[in-house]
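Structure first, commentary second.
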Amino acid sequence: MEKILVIGAAGQLGSELTKSLADQFGAEQVIATDLNESARSKFDFCRFQVLDVMNKEGLRNLVKEEKITQIYHLAAVLSAVGEKKPLFAWELNMDSLLHVLELAKEFNLNKVYWPSSIAVFGPNTPKINTPQYCVKEPNTVYGISKQAGERWCEYYFQKYNVDVRSLRYPGLIGYKSLPGGGTTDYAVDIYHKALAGEKFDCFLREDSSLPMMYMPDAIKSTLDLMNAPRQAVKIRSSYNLAAMNFTPAEIYQSILKYIPDFKIEYHPDFRQAIADSWPDSIDDSCARKDWGWKHDYDLDAMTQDILENLPNFKF
Ligand code: SER
C-alpha cells in the first residue's frame, strides 16, 4: 500500500493536490507537512505534521518511521521572492530537492514528484510555442534552481533508478490559496480585487503574454503523470505543459463580462523583466503524446468558475 508524504502542502499547489491524493489513496495514507503549525487547520481530511524540509534528519526520520513510499516535494521559493532573497532561494530550492532525491535513493521509494516551471526558460529561448528541447539560460534565481533541479532529477533517474517525475507548470491560477510571491500571481490577485469591488493595480504591462493554467488542470496533469506506467514517462527532466496563454488585458476583458464596472491600471515593476524573459506560449506535444495530457479549461471557463466559487470559499 502506498504511503504519501506531501512537503510544502499548504502552498498554492499543495492546498488542492493533497486533497486529491487523500481521495485517491485514503486519508490515513497521506501525510501533509508544512513549515507552519497554522497550516494544520487546512488538512482535516488527512494527517498533518510540521516539517522543515531543510532539516534533513527530521525528514529522514519521518520517511523511515512512516514507511513512506512516495514523496510530493512542493516546497519552493517562487520567482519574485527569489529575486529579493537570491541565496536563500537557491539554498532552499536546491538543498531540499537533494534531500528528497537522496532519501528516494536510500529508501528505494516508489515515486517522487517535483514541480518545475516555465521559469527554466530565459531571454534567448524561442518565445512562441517554446519546444521541449531548446536553449534555456534562465536569468532568475528561481529559474536557475528549477533548471538545475531538472538536471538532478534526470541524474538520479539515470544513475540510481529513482522514479522521479516532473512538470514545467505554466502560471497556476487557483482561488483556494492567496498569491504566493510568483510573477504569474497577478492572475490570482485580480479575481480577489474584482470581487471586492476594488480597482486592480497590475504589476505587468497590459500586453505581457504568459502561459497559464487553471488549478483543476494542474491537479489533473500531476495525477495523470504520476499514475502513468513507468515506461510511458519518457522525459525524466521535466515535461513542457500548457493549457492557455493570455495577457493582463485579456484576463481583464474576461472578468469584465461578469463585473462590468471593474477597473484596472498598469504599473509594471521589477516583475515585468521576469515575465519578459519567459515564453508567450508552450509546445507540450510530448506530454500529450507520452501520457495523454489534455487540458479542460480556457480563460473564460476559468473566470466563470472562479467568480462563482471564490465568494463562498473560506480561507
Ligand atoms: N508561477 C511561478 C512564478 O511566477 C512560475 O512557476 O514564480
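FYI, it's all coordinate maths here, none of it is from the lab. Quantities reported herein were computed from a predicted structural model and do not represent experimental measurements. Neighbour counts are summed over all protein chains in view; Cβ atoms, including those assigned to glycine, are modelled from backbone coordinates with ideal geometry.
How would Val6, Val50 line up from fewest to most surrounding beta-carbon atoms within 10 angstrom?
Val50, Val6
Take the Cα radius of gyration of the chain and divide it by 2.2 N^0.38 Å, with N its residue count; two decimals is plenty.
Numbers: Rg = 18.8 Å, N = 315, 2.2 N^0.38 = 19.6 Å.
Taking the Cα Rg and dividing by 2.2 N^0.38 Å, one obtains 0.96.
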Report, ordered by chain and residue number, the lysines lying within cross-link reach of Lys85, taken as a straight Cα distance under 18 Å and ignoring same-chain residues fewer than 8 apart.
-> Lys146
Candidates per trypsin sites (Lys or Arg not before Pro) in the range 13-96, loop by DSSP, up to 14 other Cβ within 10 Å = Lys67
Please report the relative contact order for the chain, taking Cα pairs under 8 Å with a sequence separation of at least 6, and give it as a percent rounded to a whole number.
-> 18
Dmax and Rg, reported as Rg then Dmax, of the range 221-291 (C-alpha, Å) = 17.6, 52
Of the chymotrypsin sites (Phe, Trp or Tyr not before Pro) in the range 53-145, those whose Cβ has at most 12 other Cβ within 10 Å and which sit in DSSP loop | Tyr133
When we measure straight from the Cα of Lys257, which lysines land under 18 angstrom away, once same-chain ones fewer than 8 places off are left out?
-> Lys193, Lys199
Enter the Cα centre distance for the pair the range 1-67 and the range 86-152, rounded to the nearest angstrom.
-> 22
What pairs in Lys3/Lys176; Lys19/Lys111; Lys19/Lys234; Lys105/Lys176 have C-alpha atoms more than 29 Å from each other?
-> Lys105/Lys176
When Glu83, Glu106, Glu154 are arranged by how many other beta-carbons sit within 10 Å of their Cβ, fewest first, they go Glu106, Glu154, Glu83
